[in-house]
Amino acid sequence: MRRRSLLIAVPAGLVTLSACGDDDSGSSSNASDSASPQASAGSAPPPKIVDGPLPAITAGTKFGEKPTVAKGSGEPSKDVAVKTVVAGGGRAVAENDFIAADYLGQVWSSAKVFDNSYDRKTPLVIQLAQGSIIDGWRYALTGKKTGSRVEFSVPPTWGYGKQGNEQAGIKGDDTLVFVVDIKDTFNARSSADGKKVPQDDAALPKVGTNTDGAAPSIEVPKAGAPKKLVAQYVLEGDGAEVGAQDSVLVQYKGVLWDGGKEFDSTYARKQLTSFSLQQVVKGWAQGLTGKKVGSRVLVVIPPDLGYGDNPPQGSDIKKDSTLVFSVDILAKM
């Protein structure tokens, strides 16, 4: 299992399907039209954003390359210094969006690298939300576009505070320097972007292929439900395959086979959801394992791989229900 990023301020909660419909479970992302991070109650007030000073990037200067960053010269800014080193032309990042990014972090005064994703060869996928990541990231990256490389410095106030981070070797008075390559951004309007796959089996539900961020339709046939798990591409992406121990960022919609009634949907809540495949019902774990990022997947879960005779309290799921899901796999986490 790969090492967890040191950037996370608070361990992210993982939703389980026993909590379907619970708006307070899991990690989620509200669609946001704001381009400026807002200070939350109890957090430090927003910093002033300044141009520098910032140390030079001496090697690995291109987007996607692991950078080498010089030691800071003189005293760092007491504010958050931000510089767009490479300007991307993609979507702008809003507060509460999830981003996929490669990054390197080091201490200003020593140039000691305490964390980077380039060596792990796996971008960080995390929500730019208060409590999910250090505040300096929220303030530095909100409004930046995908395809951009951003260098910024974070004083303790908007980093790890006076307590520092002992695990990373960061003291309470250390200013941090980051170089971040923003590879993608996701919010409640995000969709899978794969190629359409024929849906020829009349005995299976038909799922809509729209990619506009709206909930896809799910048409359940008037036939008996399958006794075994069904997991088929509706849109086949070209991203990495999901492993059995991975966590994923998804959009999904769930309906009952009997009657086709919707019982849960990230689209209705306007919130993306992330979870570990080790912490969901067996049908989800088995159905998504091996599927590619960027895909929309039809998953039909028989009772023995779903909730069986113990459905979630307060839900529309009855005992021994067969469940039908459309799942957009946006990213591995």
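The values are calculated or read from the model by the stated rules, or taken from the named source; none is laboratory data. Worth saying up front: this structure is predicted, and the values here are computed from it rather than measured. When we count neighbours, we look across all protein chains shown, and the Cβ atoms used for this are built from the backbone with ideal geometry, even at glycine. In case anyone asks, the SASA skips ligands and DNA or RNA and just uses the protein heavy atoms, side chains included. Shrake-Rupley method; radii C 1.70, N 1.55, O 1.52, S 1.80 Å.
Inside the range 268-287, can you point out the residues that are open to solvent by less than 30 Å² (accessible area, probe 1.4 Å), out of contact with any strand residue (DSSP E or B) (no Cβ under 6 Å at 6 or more places or on another chain) and not in a strand (DSSP E or B)? If the condition is that a residue be open to solvent by less than 30 Å² (accessible area, probe 1.4 Å), out of contact with any strand residue (DSSP E or B) (no Cβ under 6 Å at 6 or more places or on another chain) and not in a strand (DSSP E or B), then 277, 280, 281, 284, 285 are the ones that fit.
Taken over the range 140-188, the criterion of being of a type in the set (D, E, K, R), over 16 Å from residue 51 (Cβ atoms) and either at pLDDT below 95 or open to solvent by 30 Å² or more (accessible area, probe 1.4 Å) (or both) is satisfied by 145, 162, 166, 171, 173, 183, 184.
With respect to the conditions (1) in a loop (DSSP other than H, G, I, E, B); (2) closer than 16 Å to residue 328 by Cβ; (3) open to solvent by less than 30 Å² (accessible area, probe 1.4 Å); (4) touching a residue at least 60 places away in the same chain (Cβ under 8 Å), residue 213 falls short on a single one, namely (4).
Please verify whether the range 82-94 includes one or more residues that are of a type in the set (Lys, Arg) and within 25 Å of residue 329 (Cα to Cα).
Start the filter on the range 82-94 by keeping residues that are of a type in the set (Lys, Arg), which leaves 83, 91.
Pick out the ones that are also within 25 Å of residue 329 (Cα to Cα) and you get 91.
Yes, there is a match, as at least one residue in the range 82-94 is of a type in the set (Lys, Arg) and within 25 Å of residue 329 (Cα to Cα).
Filtering 236, 262, 241, 219 for residues that are more than 25 Å from the chain's Cα centre (by Cα) and of a type in the set (Asp, Glu) leaves a single hit, 219. When 100, 59, 81, 87 are checked against the criterion of being under 18 Å from the mean Cα position of the chain (by Cα) and at pLDDT 95 or above, a single residue qualifies: 100.
Sort through 112, 162 and tell me the only one that's touching a residue at least 40 places away in the same chain (Cβ under 8 Å), among the charged types (D, E, K, R) and either touching a strand residue (DSSP E or B) at 6+ places or on another chain (Cβ under 7 Å) or over 25 Å from residue 329 (Cβ atoms) (or both).
Working: 162 fails: touching a residue at least 40 places away in the same chain (Cβ under 8 Å).
On inspection, the qualifying residue turns out to be 112.
Looking only at residues in the range 119-167 that are part of a helix (DSSP H, G or I) and aliphatic (A, V, I, L, M), the one that is farthest from residue 45 (Cα to Cα) is 141. Among the numbered conditions (1) more than 20 Å from the chain's Cα centre (by Cα); (2) under 20 Å from residue 157 (Cα atoms); (3) buried (at least 22 other Cβ atoms within 10 Å of the Cβ), the only one that residue 111 does not meet is (3).
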